[in-house]
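Reviewing the structure listed below.
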Amino acid sequence: MIKLTVDEKEIEVEEGCTVLQACEIAGAEVPRFCYHDRLSIAGNCRMCLVEVKPGPPKPQASCALPASNGQIISTNSKMVKDARKGVMEFLLINHPLDCPICDQGGECDLQDQAMSFGASKTRYIENKRAVEEKSMGPLIKTNMTRCIHCTRCVRFSTEVAGVNDLGALGRGENMEITTYLEKSIESELSACVIDLCPVGALTSKPYAFNARPWELTHIETIDVMDGVGSNIRVDTRGNQVLRVLPRLNEEVNEEWISDKTRYAIDGLKNQRLDRPYIRNKHGALEPSDWDTAFNKIKDGLSKVPTNKVASLVGDLVDVESVFSLKLLLNKLGVENLDCRIDGAEIGQDGRSGYIFNSGISGIENADALLIIGSNPRIEAPVLNARIRKRYLKGNFPIGIIGPKSNLTYPYQYLGSNSLDIEKLKNKSNSFHKILLKAENPMIIVGMGALVNDFGSIVLNFLRELSEFFGVVQKGWNGFNVLQTAAGRTGALDIGFTPSKKGLNAKTIFSEGEKGNLSFVWLLGVDSKDVLKLKKPFVVYQGHHGDVGAHIADVILPGAAYTEKSATYVNTEGRPQLARQATYPPGEAKEDWKIIRAFSEYINNKLPFDDLDGLRNKLYEDFPHLSFIDEIKKPRWSKFGTKGKLKSFELNSTINNFYMTCSISRSSETMAMCVDQLNRKKLVAE
């Protein structure tokens, strides 16, 4: 530890700290523009000047100065104050005075620090420079005349996102931040540069001129666009969601979110189901009321035997809704139920077989990584950034068995066939020795390895492989399944899977297509497979008029993730609370309320009347879900099915990053991103 003094306050800091970090530990405020905790040090802006003794009699940039024993640091001496005023004066020489029309107004670091640390007047009367706007795609709006050349955006795109699309051209007054060849930033995390920009040079194009920050209500909630469960803040005005911003959570998403998380929200207002619908005798859907819809379902349900009834839940459904539906189905004696609508062979033999056991932050403790059947860059961009972060620290060999793609870090390609997994046991295999030598080896298994008819065999083989290579050992469990659906882990936790006699999702779709099922209840299921269910009586409960609603006989309008208080369990097995930011449109209700109301309608009333009662029952049956934002580590158990590996290609289950659910498919912004991507492919071809 190092002892030093900051503003006459003696403190101890760890060796390797910078003076800026030492000042923060001491509670002293040091302004900065270019410095950021998660980016390399640039020392561009010179705003973080402090006075340091012993040392030269001049202010020094604290962000780039190492802390040393015996330093006496002053952050508010006359020298420092005058120096900061001078730096601010230089920064404002060319900065335009357009705060009233700037989207960053009210959230601008330059504006705030000019008030706190700048002078009240300027000595410069020369004309200000002007810079042409840059094209950065449909998400980022530029006004580069405002740019102060802090280079945060350049360092983020290079270091965190792993793409070299942003850079600086020219020198001095002629320096400009630009994308090469005026193209958009090719990253699923590109819009994070908007949060990083300390001025209004990079702002949100879809959000432009929509609102000022003081008009908005801020709700802290959870993202559902992938299985990571990124912590977000939803900003609303009235009953409309205007923007989504990241929240800091070191264990999950740090302070980054994907572009889909940030911008798919305009899909919340398109193609919404706002009232019940019933299909008439002519085959057309017509508006109805709740009583009529419930009567129709009651009639359809009463005419069929229990073994002809099935239920499926989708990828965005919260734990409370799945639990309510499961309780109702159990009361009715239904055994044909499943949450694995993609056909993944997981969840039947222990929790350690379907969660990310090491935790997302555990990636930073691994010293070798094998990725099987996954493209984490499009399946979980924030998690992929964590892998890149670990790679940049060095000594981190990565092997891939699966789709070959640009993951923003180098890797050893080991093949794309399932039989290539078996080759890992051969001593001649190049990655065999790497895994054996590693102290904390890690395996990430994607859905691409598990959604086929042999997924359970693959899972068992990988479990045995993990035990052989020491992926699972005392104090370390590096066997990780990467879920791509926000609601899947929670549904598996409460056991929304078929009994031994029951039908799984694959069989429900196939038997329904043959006409061997008479009644199917779909809760938020919008996969293409539902088009096979044209013969049974179908109830669709959801929030968008997507594929599931097209084949339904009765539609029950539910609430989207921003419109309810709910629990989601992320891929790590971490329960997190989503909070209600807006209200469902029209007559739509929260899903658990619909199920609870219907249970009373058929004289099978569920044992709760409100959300608290529902959660008490949920926590009674599954106590680990009551530990919000904590991971209860499961015991390592045997899972999967013994058998011989068959040959098949391991591909990612996601082909289009921007459209993976009913919300993102309804988003105009995501449609623009897809259009831009398709145009790039045409140019490349």
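The values are calculated or read from the model by the stated rules, or taken from the named source; none is laboratory data. The structure displayed is predicted, hence computed values, not measured ones. For neighbour counting, all protein chains shown are included, and Cβ atoms are generated from backbone atoms with ideal geometry for every residue, glycine included. Quick note on the areas: whole protein, heavy atoms, side chains included, nothing else; ligands and nucleic acids left out. Shrake-Rupley method; radii C 1.70, N 1.55, O 1.52, S 1.80 Å.
For the pair Leu645 and Asp621, a Förster radius of 35 Å applied to the C-beta separation gives a FRET efficiency near 0.45, rounded to the nearest 0.05.
Between Ile628 and Lys437, what length in nm is gained on full extension when 0.36 nm per residue of separation is reduced by their alpha carbon distance?
Details: separation 191, 0.36 × 191 = 68.76 nm, distance 3.65 nm.
Difference between extended and current length: 65.1 nm.
Within segment 162-288, what is the number of lysine pairs with alpha carbons under 27 Å apart, leaving out pairs fewer than eight places apart on the same chain? Walk me through the numbers before you get to the answer.
Values: Lys183/Lys205; Lys183/Lys260; Lys205/Lys260; Lys205/Lys269; Lys260/Lys269.
Value for segment 162-288: 5.
As a calculated quantity, the FRET efficiency between Asp289 and Asp609 at R0 = 25 Å, using C-beta atoms, amounts to about 0.65. Under the criterion of Cα pairs below 8 Å and six or more residues apart, the relative contact order for the chain equals 15 percent.
Count charges around Val554 for me, please; just the other residues with Cβ under 13 Å from its Cβ, Lys/Arg as +1, Asp/Glu as -1. Could the numbers behind the result be given before it?
Working: positive: Arg275, Arg279, Lys296, Lys298; negative: Glu286, Asp289, Asp291, Asp299, Asp553.
Charge balance near Val554 sits at -1.
Applying the Karplus relation 6.51 cos²θ - 1.76 cosθ + 1.60 with θ = phi - 60° to segment 446-453 yields 3J(HN,Hα) values of x, 5, x, 8, 10, 9, 10, 5 Hz, where x marks Gly and Pro.
Once the chain from Asn69 to Asp82 is taken as fully extended at 0.36 nm per residue, the excess over their C-alpha distance is 2.0 nm.
Please compare each pair in Lys506/Lys644; Lys404/Lys474; Lys53/Lys389; Lys425/Lys506; Lys331/Lys500 to a cut-off of 24 Å on the Cα-Cα distance and tell me which ones are over it.
On the way: Lys506/Lys644 21 Å; Lys404/Lys474 33 Å; Lys53/Lys389 35 Å; Lys425/Lys506 32 Å; Lys331/Lys500 18 Å.
The answer is Lys404/Lys474; Lys53/Lys389; Lys425/Lys506.
Counting only Cβ charges, +1 for Lys and Arg and -1 for Asp and Glu, the dipole size of segment 194-353 around its Cα centre is about 820 debye. Of all DSSP-defined beta bridges confined to the chain, some 60% are antiparallel rather than parallel. Among [x] 184; [y] 395; [z] 202, which is the computed volume of the Cα convex hull per residue in Å³? Among [x] 184; [y] 395; [z] 202, the one derived from this structure is [x]. Between Thr567 and Val319, Glu320, Ala578, the built amide H atoms are under 5 Å apart, and every one of these is 5 or more places off in sequence or on another chain. Structural descriptor for segment 125-250: relative contact order 21 percent, calculated from alpha carbon pairs under 8 angstrom and at least 6 residues apart. Helix 611-621 and the longest principal axis of the Cα set of the chain meet at an angle near 80°.
Leaving out ligands and nucleic acids, and using a 1.4 Å probe, what accessible area per residue does segment 527-594 come to in Å²? List each step's numbers first, then the result.
Working: 2010 Å² over 68 residues.
That works out to 30 Å² per residue.
Calculated mean residue ellipticity, 222 nm, the chain: -7000 deg cm²/dmol, from DSSP H runs (n ≥ 4) at -39500 (n - 2.57) each, averaged per residue and rounded to 500.
Positive contributions from Lys and Arg (+1) and negative ones from Asp and Glu (-1), summed over other residues with Cβ under 12 Å from the Cβ of Phe509, come out at +2. Once the chain from Glu668 to Met1 is taken as fully extended at 0.36 nm per residue, the excess over their C-alpha distance is 234.8 nm. Note on Lys121: lysines with a C-alpha under 17 Å away, same-chain residues under 8 apart excluded, are Lys81, Lys85.
In order along segment 646-662, the phi-based Karplus estimate (6.51 cos²θ - 1.76 cosθ + 1.60, θ = phi - 60°) of 3J(HN,Hα) comes to 9, 8, 7, 7, 9, 10, 5, 7, 10, 9, 10, 4, 7, 9, 10, 8, 5 Hz; Gly and Pro are listed as x. By the scheme Lys and Arg +1, Asp and Glu -1, what is the net charge of all other residues having a beta-carbon under 10 Å from that of Ser637? Around Ser637, the surrounding residues sum to +3. A Förster radius of 35 Å combined with the Cβ-Cβ distance from Phe209 to Arg579 puts the calculated FRET efficiency at roughly 0.80. Note on Lys427: aspartates and glutamates with a C-alpha under 20 Å away, same-chain residues under 8 apart excluded, are Asp367, Glu439, Glu464, Glu467. Applying the Karplus relation 6.51 cos²θ - 1.76 cosθ + 1.60 with θ = phi - 60° to segment 63-74 yields 3J(HN,Hα) values of 5, 10, 9, x, 6, 9, 4, x, 4, 10, 10, 10 Hz, where x marks Gly and Pro. Axis angle, to the nearest 10 degrees, between helix 668-684 and the longest C-alpha principal axis of the chain: 80 degrees. If you sort Trp290, Trp214, Trp256 by accessible surface, 1.4 Å probe, largest first, the order is Trp214, Trp290, Trp256.
Bridging of Lys58 to aspartates and glutamates at a Cα separation below 14 Å is possible for Asp82, once same-chain residues fewer than 8 apart are set aside. Here the label points at Glu335 and Met144, each 7 Å from Cα along the C-beta direction, are separated by 6.7 nm in the simple model. Shown here: segment 258-404, whose C-alpha atoms stretch 65, 39, 27 Å along the first, second and third principal axes, sorted largest to smallest.
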